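Q: My structure is below; once you've seen it, I'll send some questions.
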């Protein structure tokens, strides 16, 4: 669970689902490393945003992530041709559906990183991080403490 | 309605006797009042089981599963036909395997509305000339059928079968597109109120999967809730598991749902579900200009993409 809300500098736990290809070169990897330095930000690399099962986002929220940021490749830049187009539809619909149900707007965000500008990723993550901070710790969809973890392989 | 019932029986008998189809899927008189039940007729001698009335709320396209090479006939109202088309688009069977006995829909009643209006358990119900004759312990009441139409049926814009092989009854006048009142009302509320409503409704869910079983589009051999390595959500009534179950079930219908209402009708806990499905149908219309089951050429929104349109969507929704 998240840091105690009574502490004045509560840091949101943010999951970044990052496609492998926008930040690929050595200098780009330095950018990713910089992003990882932001407290409580976890970067999960996927081969393509198209690999992202919308359930990943829901699981992330269920496990207590306060924000989920999906970063994919811009139009016409998908390494696998169309993964970003397909994921765009799936994930934006999921995002809008969650917001229709009352999820705070912007907790889940889908963005693409323009062909790597210096500082693009860490800037984007910081922006998301600050945005999510205003909502406080996630409560909706978080698993109740009495239930065992859904991703556990062993019996409780 | 009697004329329609007669015609359906005639056509079914003919199709079966001529061996044009293996079986006829239709409705029979239900064991519960105000609810006709699905029936599958094999023998021409059994066609007298078939009925048609305002209690035929189920979506019979649900029974077009595991057809194999068989050819079947199905009695289908407007929404059912759209489901059939959607299933053909998703390659569940081919068009020539289904003989569609299309019935322009007179709109179905909502048995829950009737139950609320009658002060007592309904033991028997009969429909006659636009009236519902309802019998309870010690009294009978006559209600106007049109006062008890299901909310989805009232908002329906596709009552006439879009395709059919046989048409039973006269085509009806279609209404213009109006926002579905329940999802429109839901959207008016504040985010906090919406979540509170959702959470409250879902607190009654017992994970019976009636909604899934009733839905024609939920044909996955392994539903995501049945997947075990990894197990996505718990198979329990723990609140977050239920909330995610319902979100994902509705979400899996995005661009596939025909607004038949079978899910909500099936729920034993009277949980409201239509604001979910209609919310997603509104999104599909708005974002992709797509409505399910109108033709066999258009691909569902998640099966295709439009590179130019995508730029705009991302701009609107990237934040």
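Q: Out of region B:228-252, which residues are assigned to a loop (DSSP other than H, G, I, E, B) and in contact with a helix residue (DSSP H, G or I) (Cβ under 6 Å, 6 or more places away or on another chain)? Give the steps one after another, and end with the answer.
A: Step one: list which residues in region B:228-252 are assigned to a loop (DSSP other than H, G, I, E, B), which gives B:228-238, B:252.
B:232, B:233, B:234 - these are the residues of region B:228-252 that are assigned to a loop (DSSP other than H, G, I, E, B) and in contact with a helix residue (DSSP H, G or I) (Cβ under 6 Å, 6 or more places away or on another chain).
Q: Same structure, new question: Could you list all residues from region B:69-80 that are within 16 Å of residue B:259 (Cβ to Cβ) and not in a loop (DSSP other than H, G, I, E, B)?
A: If the condition is that a residue be within 16 Å of residue B:259 (Cβ to Cβ) and not in a loop (DSSP other than H, G, I, E, B), then B:76, B:78, B:79, B:80 are the ones that fit.
Q: So which residues in region B:297-310 are farther than 17 Å from residue A:97 by Cβ and surrounded by 14 or more Cβ atoms within 10 Å (Cβ to Cβ)?
A: Matches in region B:297-310: B:298, B:304, B:305, B:306, B:309, B:310.
Q: Right, next: If residue A:43 satisfies all but one of (1) in contact with a strand residue (DSSP E or B) (Cβ under 6 Å, 6 or more places away or on another chain); (2) under 17 Å from residue A:124 (Cβ atoms); (3) buried (at least 21 other Cβ atoms within 10 Å of the Cβ), what's the number of the condition it fails?
A: (3)
Q: Please find, within region A:36-47, the residue that is farthest from the other protein chains (Cβ to nearest Cβ) out of those that are under 30 Å from residue B:241 (Cβ atoms) and assigned to a loop (DSSP other than H, G, I, E, B).
A: A:39
Q: Which numbered condition in (1) buried (at least 17 other Cβ atoms within 10 Å of the Cβ); (2) on the phi > 0 side of the Ramachandran plot is the only one that residue B:100 fails?
A: The failed condition is (2).
Q: Counting only residues that are modelled with pLDDT under 90 and facing another protein chain (nearest Cβ under 7 Å), how many does region A:131-141 have?
A: Number satisfying all stated conditions: 0.
Q: Residue B:213 - would you say it is closer than 26 Å to residue B:185 by Cβ, in contact (Cβ under 8 Å) with a residue 40 or more places away in the chain and either in a helix (DSSP H, G or I) or out of contact with any helix residue (DSSP H, G or I) (no Cβ under 8 Å at 6 or more places or on another chain) (or both)?
A: Considered against the rule, which asks whether it is closer than 26 Å to residue B:185 by Cβ, in contact (Cβ under 8 Å) with a residue 40 or more places away in the chain and either in a helix (DSSP H, G or I) or out of contact with any helix residue (DSSP H, G or I) (no Cβ under 8 Å at 6 or more places or on another chain) (or both), residue B:213 comes out as no.
Q: Go through region A:65-94 and give me each residue that's over 10 Å from the mean Cα position of the chain (by Cα), more than 10 Å from chain B (Cβ to nearest Cβ) and either surrounded by fewer than 20 Cβ atoms within 10 Å (Cβ to Cβ) or part of a strand (DSSP E or B) (or both).
A: A:77, A:79, A:80, A:81
Q: From B:255, B:293, B:261, which residue is buried (at least 20 other Cβ atoms within 10 Å of the Cβ), closer than 28 Å to residue B:56 by Cα and within 12 Å of chain A (Cβ to nearest Cβ)?
A: None of the others qualify; the one that does is B:255.
Q: Conditions: (1) modelled with pLDDT under 90; (2) assigned to a helix (DSSP H, G or I); (3) away from chain B (no Cβ under 12 Å). Residue A:115 meets all but one. Number of the miss?
A: (2)
Q: Which condition number does residue B:66 fail, the rest of (1) outside any helix (DSSP H, G or I); (2) more than 23 Å from residue B:123 (Cα to Cα); (3) in contact with a helix residue (DSSP H, G or I) (Cβ under 9 Å, 6 or more places away or on another chain) being met?
A: The one condition residue B:66 does not meet is (3).
Q: Here's a check for you: in region B:49-89, which residue that is surrounded by fewer than 19 Cβ atoms within 10 Å (Cβ to Cβ) and modelled with pLDDT under 95 is nearest to the chain's Cα centre (by Cα)?
A: Only one residue fits best here, namely B:65.
Q: In addition: Test each condition in (1) at negative phi; (2) surrounded by fewer than 21 Cβ atoms within 10 Å (Cβ to Cβ); (3) touching a residue at least 60 places away in the same chain (Cβ under 8 Å) for residue B:273 and report the one that comes out false.
A: Condition not satisfied by residue B:273: (2).
Q: If only one of B:292, B:296 is modelled with pLDDT of 90 or more and more than 24 Å from residue A:92 (Cα to Cα), which one is it?
A: B:296
Q: Hey, among B:278, B:286, which residue is modelled with pLDDT of 75 or more, under 25 Å from the mean Cα position of the chain (by Cα), within 11 Å of chain A (Cβ to nearest Cβ) and surrounded by 15 or more Cβ atoms within 10 Å (Cβ to Cβ)?
A: That would be B:278, the only listed residue that is modelled with pLDDT of 75 or more, under 25 Å from the mean Cα position of the chain (by Cα), within 11 Å of chain A (Cβ to nearest Cβ) and surrounded by 15 or more Cβ atoms within 10 Å (Cβ to Cβ).
Q: Considering only region B:224-245, state which residues are more than 9 Å from chain A (Cβ to nearest Cβ) and surrounded by fewer than 16 Cβ atoms within 10 Å (Cβ to Cβ).
A: Of region B:224-245, the ones more than 9 Å from chain A (Cβ to nearest Cβ) are B:225-228, B:235, B:237, B:242, B:245.
Those that are more than 9 Å from chain A (Cβ to nearest Cβ) and surrounded by fewer than 16 Cβ atoms within 10 Å (Cβ to Cβ): B:226, B:227, B:228, B:235, B:237.
Q: Right, next: Being within 14 Å of chain B (Cβ to nearest Cβ) and part of a loop (DSSP other than H, G, I, E, B) narrows it down to one residue among A:102, A:50; which is it?
A: Values: A:50 fails: part of a loop (DSSP other than H, G, I, E, B).
None of the other options fit; the residue is A:102.
Q: So, one more: Taking helices (runs of 4 or more DSSP H) that fall entirely within region B:81-198, which contain at least 3 residues that are in contact (Cβ under 8 Å) with a residue 24 or more places away in the chain and within 14 Å of chain A (Cβ to nearest Cβ)?
A: In region B:81-198, B:181-188 are the helices (runs of 4 or more DSSP H) which contain 3 or more residues that are in contact (Cβ under 8 Å) with a residue 24 or more places away in the chain and within 14 Å of chain A (Cβ to nearest Cβ).
Q: Condition test on residue A:61, is it surrounded by 17 or more Cβ atoms within 10 Å (Cβ to Cβ) and either assigned to a loop (DSSP other than H, G, I, E, B) or facing chain B (nearest Cβ under 7 Å) (or both)?
A: Answer is no for this residue.
Q: So which residues in region B:282-302 are in a helix (DSSP H, G or I) and in contact with a helix residue (DSSP H, G or I) (Cβ under 8 Å, 6 or more places away or on another chain), if there are any at all?
A: B:282, B:283, B:284, B:287, B:288, B:301, B:302 - these are the residues of region B:282-302 that are in a helix (DSSP H, G or I) and in contact with a helix residue (DSSP H, G or I) (Cβ under 8 Å, 6 or more places away or on another chain).
The values are calculated or read from the model by the stated rules, or taken from the named source; none is laboratory data. Model, not experiment: these values are computed from the prediction. Backbone-built Cβ (ideal geometry, glycine too); neighbour counts: all protein chains shown.
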